[in-house]
Every structure is written in C-alpha cells, then in structure tokens.
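Student: Dropping the structure in here first, questions after.
Every number in this text was worked out from the coordinates using simple rules, so none of it is lab data. All values derive from a computational prediction rather than experimental measurement. All Cβ positions, glycine included, derive from the backbone under ideal geometry; neighbour counts span all protein chains shown.
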Amino acid sequence: MKPDFTRRGFVGAGVAAATLAPHAQALAGEQLRRTVRAAPSTVQLAPNDAPLTKIWAYGGATPGTELRYKRGDWLSATLANDLPQDTTIHWHGLRLPNAMDGVPGLTQSAVPPGQTFDYGFDLTDAGTYWYHSHLKGWEQVARGLHGPLIIEETNPPDVDRDLTLVIDDWRLDAEAQIEDSFGHLHDWAHAGRIGNWVTTNGDVEFKQTVRRGERLRLRLINAANARIFSLSLRGMVGVVAALDGQPLVAPEPVERVSLTPAQRVDLIVDVTADDEALVISHERDGTYSLAAFPVSGAVTPRVDPVASLEQNNVPPLGALSSATTTRLVMEGGAMGGLAEARLGDEKLSLRQLAQRGKVWAFNGRVDPPEAPLVSAGRGQTVIINIVNDTRWPHAMHLHGHHFRRLGADGAPGPLRDTTLVAPGDRANIAFVADNPGAWLLHCHMLEHSAAGMSTWIEVA
C-alpha cells in the first residue's frame, strides 16, 4: 500500500521545504577514535505532519554521521552494535587493508548485538566515499544504515561550498513506516527493492540557500538498494570532476548524469539562476526536484575554468595483451531462463534454488564459491569479461580496488569501483591487483547480491 501523504510535485510546480537540520560532522584531521553507533532511531522522513519513521541509523540520523578527513589521515573508528541483529561496516570505495573491509565470512566475523569492533587504516585516496552495513544489507541499508565518508584533497579546489548530497529511497506504508517486506522473492528476482519515497539527506524536499555566482562542489551519493537515478541540473552549469571518488584527468561538462546504486559523482558548478537552482531526477512518471537551491543575493562569478582535482596514486594498467583474463556470466532472475545452478556442492533446479531464496548465478554458481573467480599476483593486471545474460541491469562493485571499463575500441575509461551492466550487454573491466587479500565482487543491487550474485577474487 502506497503512502497517502503528498509526494513532491513536478519541478515546474516549485519547491517549498524546511531546511534540514545539520548532521554531526567529524573534524578534518582529527586522529581520535570515534564511535560509530548503529542503533534504532526515529526521523521525520515524510512531511505533512506524518508520523516519525522508525529506522536504523549511524549516529541517530539519516544519512549517518558524516566522517570527514584529509588525505593521509588515519581513520580510527569503533563500531558499536546496538541493533537487534549482527552487523559490520563496509568502507565503500576505499583501497584499504583486507581485514578492514567489513565483509562477514570473508574479511571479518560479524559483530553481535551489544558488541564492538575496531576499524583503523590509512586514508590514501581523496574523494567521495560512503560507509554502510555489509550484513543483510538488503534490509540493514534499506532501514538507513549508511553515511558519507569524505576525504579532502591536500589542496582542495577553489569553491564557495562543499556539499554532500546522499540520495536514498524508502518503501513506506500509509503510516510512514518502513514496509517490512524484506526478502520478498519478487524484489529479489526483478529490479530489487525500489522505494516509493525519495529523500536527499533524509529530506523529501531538501533545500539549501545559495547566491548567484557561487561555485559549489556537489558530492552526490546513491545509497538506494536498487534505484538508478538519471540526473540533470537547472540553473547551474559546470563539470563532472570525479567518479566514485577518483578524479577525472580532465573535467567534463555536466549533461545527464546516471547514478547507479553505490556510485558517486563530484560536480563543480556555478550558480546561474536568479531565483532557484535544482538537481532534477528524471523518472518514468515525470521530473522531480531532488535538491533545491533558492538564490538569495549574488557574488562576482569566477571566470577561471575548473581545474582537475588532485590525482590519487592508483597504479597504471599494465599491458592489456598480457593481462590475466577471466569471464563472468550473469544468469537468472525473472524471465532469465536459468534452469539450474550449483549452490555449494549441490546442483539444484531453479525451483529448488528459489525455495532457498536464490535466483541468480555467476558462471552457473550461486553465492561465492570456495575457489576465487581469479587468483592474481600482486601488481598483476587483470581483465574480467562480464556478460549480462539476464533481463535486468546490474551494478557490479569490486572491493579494495578501482578498475577501468574498456570501451568498444579497447581504450580504458575513467577509474570507478562500480559500473552498470545493462541487460544483454558486456563490460570488460581492467585493474591492477595491487591490494592483497580476498576481495568481494558482487552486484550492488543488494537483493541481487543476496539472491546469488556474489563471487570473489584473490590477490596474493
């Protein structure tokens, strides 16, 4: 049942909203250990005097406490689990030690209720990242367990404001509560859990007053389980400066921005509107404002073009002709034609798999196998040929590394940690296996991952 409170109107109708209360923010450069507390909370997700929504949160709010550091800092954080379930934290997009990656059963043990776990590692890469639960993520992330992690450059770009926008969707009932429909096979076999209520920084009608002529850095993070956002700007012009935390060699003009689950994009834009600038979401039923920037006053606009951000020290690809190459075929899902697959030591029919909540496979196997998809020596260049033999898109995420998607001509694209593979499409991703350990490779449509779309690589 869909909620009956008023949804955002079309962009042309304008936006009227209360300003979001600021979230707690860590001071850049602070080296003291922080406590990141995962616990039930209540927030005002729905407007119009709707009831408070019960969520799970880091620091009591959604998104969770923004952690902000400088490149070269040491992250020291204690996860305190006050949830009724086990949990972990995955530091999404970071090249970090394997033991700190937060994947239960692969890199650490789950943290039981009432217990703690200490994370600590160097922050080698500047950029826009995020942290989220990696245990029952299909439920825990959907209940609100995620927050932004910002690592500033040694020499940040010249902007007037640096704003983080975490976009999420929620499946709410008529009482503004999260629908307890987790694990529904229809969601798992189709597009995933798509919400009916979209928020930016926890606000359905987010706004931030700006001045005409200001230069803004907008850090957009897609924290939704499965929704793909198609975004554009109104009343702002600028460039894409970074993808998934990694700077582009040369910024590119902003046109339409596609943001799949787990992806991030850094935009550096100049406010040109006289009244209101907007970040717009293009959806099947119309265009909606995700973030409104009412204009009050003006400053002298900059005339200098946006310079490239500081590059991170990601190792360059070796010769692709001599790279270790492996193939990953996606199978299953609704209308996918999967007849059977291996789960552990058993070969099961699709009906038997579905009874176990498994409807997707990689290379004929459900869930991570005992042997890695590929085993690579440290410093070796690896290519994974991904084939989407399903009727649904998949956002493939590799832990502990950044990769380049190869174009049709074989040319490497920009660095990313998550890429969308459309139905029937192929994606060749190439990376240097420079981070030792066992690393997860999975679909970040979280229901797809839970229903079988996970494997792993090994770096010696």
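Student: So how strong a dipole does region 269-412 carry about its Cα centre when Lys and Arg Cβ are +1 and Asp and Glu Cβ are -1, to the nearest 20 debye? Walk me through the intermediate numbers first.
Tutor: Values: 13 positive and 16 negative charges, 177 e Å.
I would put it at about 840 debye.
Student: Relative contact order (percent) for region 58-121, with alpha-carbon contacts under 8 angstrom and 6 or more residues of separation?
Tutor: Details: 83 pairs, mean separation 24.7, N = 64.
It rounds to 39 percent for region 58-121.
Student: Assign one of three labels to region 11-298, namely rounded, prolate or oblate, based on the Cα gyration tensor with a ≥ b ≥ c the square roots of its eigenvalues; rounded applies when a/c is under 1.5, prolate when it is not and a/b is larger than b/c, and oblate otherwise.
Tutor: Here region 11-298 falls in the oblate category.
Student: Taking the dipole about the Cα centre of the chain, with the C-beta of Lys and Arg at +1 and of Asp and Glu at -1, give me whichever of 154, 92, 460 is farthest to the positive side.
Tutor: Projecting each Cα onto the dipole axis, the largest value belongs to 460.
Student: Can you give the % of DSSP beta bridges in the chain that are antiparallel, to the nearest 5?
Tutor: 75 percent
Student: Pairs of alpha-carbon atoms within less than 8 angstrom and 6+ residues apart define the contacts here; what relative contact order does region 11-298 have, in percent?
Tutor: Relative contact order, region 11-298: 18 percent.
Student: With the dipole of the chain worked out from charges on the C-beta (+1 for Lys and Arg, -1 for Asp and Glu) around the Cα centre, which of 450, 36, 338 lies farthest toward the positive end?
Tutor: The one lying farthest along the dipole's positive direction is 338.
Student: Dipole of region 11-298 (Lys/Arg Cβ +1, Asp/Glu Cβ -1, origin at the Cα centre): which of 201, 277, 112 lies farthest to the positive side?
Tutor: 112
Student: Would you mind checking the pairs 70/207; 70/358; 54/347 and listing those with alpha carbons more than 31 angstrom apart? Working shown, then result.
Tutor: Working: 70/207 27 Å; 70/358 42 Å; 54/347 41 Å.
Violating the 31 Å limit, Cα to Cα: 70/358; 54/347.
Student: Further question on the same structure: Could you run the Karplus curve 6.51 cos²θ - 1.76 cosθ + 1.60 with θ = phi - 60° over region 173-184 and give me ³J(HN,Hα) per residue in whole Hz, x for Gly and Pro?
Tutor: For region 173-184, the Karplus-derived couplings read 8, 5, 9, 6, 9, 5, 4, 8, 10, 5, x, 5 Hz, x marking Gly and Pro.
Student: I've got another one for you. Rounded to the nearest 500, what is the chain's calculated 222 nm mean residue ellipticity when only DSSP H runs of at least 4 contribute -39500 (n - 2.57) each, over all residues?
Tutor: Taken over the chain, the calculation gives -1000 deg cm²/dmol.
Student: Can you work out the Karplus-derived ³J(HN,Hα) for every residue in region 265-275? Use 6.51 cos²θ - 1.76 cosθ + 1.60 with θ = phi - 60°, whole Hz, and x for glycine or proline.
Tutor: Using θ = phi - 60°, the values come out as 9, 9, 10, 10, 10, 9, 6, 10, 5, 8, 10 Hz.
Student: Note down the magnitude of the dipole of region 302-372 about its Cα centre, charges +1 on Lys and Arg C-beta and -1 on Asp and Glu C-beta and zero elsewhere, to the nearest 20 debye.
Tutor: 260 debye
Student: Still on this structure: Once you charge only the Cβ atoms, +1 for Lys and Arg and -1 for Asp and Glu, what is the size of the charge dipole of the chain about its Cα centre, to the nearest 20 debye?
Tutor: In total the dipole reaches around 440 debye.
Student: Here's something else I'd like to know. What list of ³J(HN,Hα) couplings, whole Hz, do you get for region 296-304 from phi and the Karplus terms 6.51, -1.76, 1.60, once you set θ to phi - 60° and write x for glycine and proline?
Tutor: Result, rounded to whole Hz: 9, x, 8, 10, 5, x, 6, 10, 6.
Student: State the antiparallel share, in %, of DSSP beta bridges confined to region 320-459, rounding to the nearest 5.
Tutor: Counting DSSP beta bridges with both partners in region 320-459, the antiparallel share is about 75 percent.
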